[in-house]
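Below: one structure, written as structure tokens.
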Amino acid sequence: MKSLFIILAFLLLFGLVINYNTKYSTSVFLTRAFFHVVLLRNKYLGMKEGDPESSMIGITTRDWKEVSLEAQTFYNMVRFVRGKLRDGVSDVELRDVSYHALAPPVSFHNSLSFKHVPEIRNSIFVKLRDQFYVEHFFGKDRRGKVIFLLHGGCGFAGHYDGQELRSIVEHMQHRFNSSLTHILSVDYRLMGLTEEERAKKNVFASTFSEQADDAIQAYKWLLQAFKPEDIVVVGSSFGSALSVELLRRAANENLPLPKAAILIGGVYDLSMKLTHSNKNSRNNIMLSDQLIDVMHRVYKEEESPLVTWKNVNKAVFSTNLYMIYSNDEELTKDNEVFIQLLKDLGHPSVKVSADRMMIHVHPIFEYYFPEAKVAMSKIMDFIDSLQ
């Protein structure tokens, strides 16, 4: 058994070396090689119930056994790393931790072209394919779609060239019959964590409204090149809060509304009180108490979407909403309460996917476990269904 494991690990490593030479960065190559070796170990030697923060290898929980072995392996790694970050990490150091190593960067290996846009804080604009592909698969009367992407990170962390953008671009390499042709990933200002940072107005935000200003500016830039009916807003975690604020502001400012908005694991109570009160052993995988506490401090005086949307301009109803989250994540309650608010408002077009025992924002980890890949495919199916 040990010899078989070594042989399989060697073959896997050899395959990854070939793949690395074509598109991976060194960090992605090492991360994925390690993940697959651990996955093989867990497959042939098994996983035991225990504390996932005690070891990165071979530890699962009773709840996690509901999902695939790949998901259990990934959850184990996330919980272990999260536990290590808890020991003496400052808020600023916590912000600087990123997930770039989990997916390959945007490059000419996985896109037709990409550029940074100076007018909107060097946000990145990616071209995935030509109009030819859209016309070939959908007909000459069909135009390509563009994603307006707002990343997550609790509002004070994350990156416009982070896991969200990279995972979508990687997924699209293997999805040929799609109407998605472009992505604009917005570099909005993160919330400053110190007085010195908040004083740097061009670099950091000091209010949620200032972050929404950046999103509005980027949206106006995109409207110069695309019709609103071809724009799909995608928000991940905190990016979902910014997405619904963008819709609210756009309606109030009489801007054309986008065709749809996809909200992935959204946070709609910026004070994080709902998250803190509903956190339990089953859904405690990604968001640490420190992350929740920092977000509470920087947003406790801000009005949340759960408040501002109670009297929202009904013009926002022209935008189709797709909410995808997990029944067992730290932000489940946020999503359930916001869905109920949308029902009370009478929003005519809200599609919901609530997946069981998934990690927060699970679709963006689509490379690592099959449930996430299915969720990402559902998102792309939704985009392709828009007329």
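The values are calculated or read from the model by the stated rules, or taken from the named source; none is laboratory data. Note that the structure is a prediction, hence the values are computed from the model and not measured. Methodologically, a virtual Cβ is constructed for each residue, glycine included, from the backbone with ideal geometry; neighbour enumeration extends over all protein chains shown.
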If a residue has to be hydroxyl-bearing (Ser, Thr, Tyr), more than 18 Å from residue 25 (Cβ to Cβ) and in a loop (DSSP other than H, G, I, E, B) to count, how many in the range 136-187 make the cut? 2
Six or more apart or on different chains, Cβ under 7 Å: which pairs go from a residue in the range 180-203 that's within 15 Å of residue 154 (Cβ to Cβ) to one that's at pLDDT 95 or above and among the acidic types (Asp, Glu)? Could you list them? 188/214; 189/210; 189/214
All but one of (1) modelled with pLDDT of 95 or more; (2) buried (at least 24 other Cβ atoms within 10 Å of the Cβ) hold for residue 224; state the number of the condition that does not hold. (2)
Selected residue (only one of 149, 184, 165 is touching a helix residue (DSSP H, G or I) at 6+ places or on another chain (Cβ under 8 Å), modelled with pLDDT of 95 or more and within 25 Å of residue 330 (Cα to Cα)): 149
Within the set of pairs 6+ apart or on separate chains, which have a first residue in the range 333-349 that is closer than 20 Å to residue 282 by Cβ, a second that is among the aliphatic types (A, V, I, L, M), and C-beta atoms under 6 Å apart? 333/274; 334/267; 334/274
Do we have any residue at all in the range 280-296 that's surrounded by fewer than 16 Cβ atoms within 10 Å (Cβ to Cβ), outside the structural domain of residue 84 (by TED's automatic domain parsing) and of a type in the set (Gly, Ala, Ser)? yes
Starting from the range 142-153, keep only residues that are closer than 14 Å to residue 183 by Cα, then list their pairs with residues that are of a type in the set (D, E, K, R) and buried (at least 24 other Cβ atoms within 10 Å of the Cβ) whose Cβ atoms are within a distance under 7 Å, requiring at least 6 positions of separation or different chains. 149/164; 151/164
Across the range 96-126, what is the number of residues that are assigned to a helix (DSSP H, G or I), crowded, with 19+ Cβ neighbours inside 10 Å and at pLDDT below 95? 1
Which of the residues that make up the range 69-95 are surrounded by 15 or more Cβ atoms within 10 Å (Cβ to Cβ) and hydroxyl-bearing (Ser, Thr, Tyr)? 73, 75
